[in-house]
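Have a look at the structure below, then the notes.
The values are calculated or read from the model by the stated rules, or taken from the named source; none is laboratory data. No experiment lies behind these values; they were computed from the predicted model shown. We place every Cβ from the backbone using ideal geometry, glycine too, and count neighbours over all the protein chains shown.
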Amino acid sequence: MASNGKIRPIVYFVGLTAGLAGLLFGLDVGVISGANGLIKKDFGIDDTQLENIVSALLWGAVLGVLVSGFFSMRLGRRGTLLISALLFASGAMLCAFSPSANFLLGARFFLGIAVGMASFVCPLYLSEIAPQAVRGALVSLYQLMITIGIVVAFLSDTYFAGYAHLEPIAAHVSHSLSSLAGGRGQMVMELYLDAPWRWMLGVISLPALLMFAGMLLLPESPRWLVLKNRKNQARRVLLRLSASEAEADRELEAIQAGMQVRQSGPDLFLHNSNFRRAVFLGISLQMIQQFTGINVVMYYSPNILQQAGFATTAGQLWGTVLVGTVNVLATFIAIGFVDRLGRKPIMFAGFTVMGGGMLSLGALFHLGLGAGTPNMLLSYLALAALMVFIVGFAMSAGPIIWIICSEIYPLAGRDLGITCSTVTNWAANAVVGMTFLTMLNGLGPGNTFLLYGAMNAVFIAFFLFFVPETKGVSLESIEKKLLGGARLRDIGK
């Protein structure tokens, strides 16, 4: 969307409200970190069963992404976000009231459907509704909200882990239930209200309802409206978002010109090799994001800190809160510079920092971290290495890979393209969630972190040869060059 430099306030309101999907995403990803040990203890399960509960949300997200293409094409981007908000709220409550480990696994899978839908449609919605001058920053805002959700989840876990201050609330609820349902109220108290992890998982339903209410006020994507031949509605939306009527008309013209390729996503994939190249790129980018090692840190921070010598639960949880806080703050680097310096320079810096953090962590374990007599110097150096890694990810791969994946697909195939890349993200995410504790036990922490560090070096080469720079380039221009046969790394020129 061209811009004369003026960005209307509604653009930022749209970004913040839609970004609540990212907040919920982050809450659901982060909350399990602090709840892991409590769930394991309450249900008497082993590491493999715990890995399955952690990864159930991720496999649910795969299904959520797959159905999102259907819903976002037929009900619109906004309508799909409304559905995901309701699923978030109901899924959180199912998790909180799970009577068994298997029920919790199923509830996490159901909740994952909401996470997958949000991860698919929110970046798509923001990229289609944002003015060109702030498109990168607005999609980065989605990643920022994810990081805020993660740190809020870590803080929430730390708060609820000290259950004593919740007992009066639980007792009041139990008393109310007793008056309504006889002696069953006390049973509810004992089985449900007296477990801190249930509060950790259930409280997420509140921001989900807030997101639903906010989304009712937002406009639909003008590009989707044009796709559905609702041009008058699209123009009204553009008039709300653009700095002038002339700018809105220019943008509508550009969108209509991009609609000359009238194929659907599957047809485009089957008959257009240039589109297939973009899908290959999106899939590769999402695999790269996950195999940097980020969700190893997000899901298992307390486990890593325990291995590093932080023996107490409080120390592990507050270390995890620090990880989440750094994650939030470093995301502002991407928001501030992605539309100034470009996507690729920040990514090169990010891979270097991430690789250095992981390699340092692996080296510390080989120097004796976590073995024998506790060495707090090595323990704090390990925490610092985790911080370095988090800074590298939050300033680069976290937001920027979502930005690029929202930009590289032609409009007629954008739903399919983002479906393919986002499904890959969650499948790779699930593989990480299902294997980390096993790798930690099999390879040892030192070799595990060295392996993740080495992969970041490989990713630099991939970005150098295959990834385009899309800073300041319209979606229509990227589409034209892609379908015209330009090399992938040149479609942003």
For this session: Looking at (1) in contact with a Lys or Arg (Cβ under 8 Å, 6 or more places away or on another chain); (2) modelled with pLDDT under 85, find the lone condition where T331 falls short.
Result: (1)
Exercise. Of the residues that sit in region 439-481 and are farther than 21 Å from L341 by Cα and basic (K, R), which one is surrounded by the most Cβ atoms within 10 Å (Cβ to Cβ)?
Worked result: K481
Exercise. Inside region 468-492, can you point out the residues that are part of a loop (DSSP other than H, G, I, E, B) and polar (S, T, N, Q)?
Worked result: T470, S474
For this session: Kindly provide the set of residues from region 223-234 that are more than 31 Å from the chain's Cα centre (by Cα) and either surrounded by 19 or more Cβ atoms within 10 Å (Cβ to Cβ) or part of a helix (DSSP H, G or I) (or both), ordered by number.
Result: K231, N232
Exercise. Given (1) closer than 30 Å to A133 by Cβ; (2) touching a Ser or Thr at 6+ places or on another chain (Cβ under 7 Å); (3) modelled with pLDDT of 85 or more, where does A61 come up short, assuming only one miss?
Worked result: (1)
For this session: Would you check which residues across region 335-353 are more than 17 Å from P468 (Cα to Cα) and within 18 Å of the chain's Cα centre (by Cα) and list them?
Result: I335
Seminar exercise, completed: Counting only residues in region 435-472 that are closer than 30 Å to G136 by Cα and among the small types (G, A, S), the one nearest to the chain's Cα centre (by Cα) is identified as G453
Exercise. So, in region 301-328, of the ones that are of a type in the set (A, V, I, L, M) and at pLDDT below 80, which residue ends up farthest from the chain's Cα centre (by Cα)?
Worked result: A311
Problem set entry | Residue that is closer than 30 Å to L239 by Cα and out of contact with any Lys or Arg (no Cβ under 9 Å at 6 or more places or on another chain), where the choices are L105, L20, L87, L111 | L20
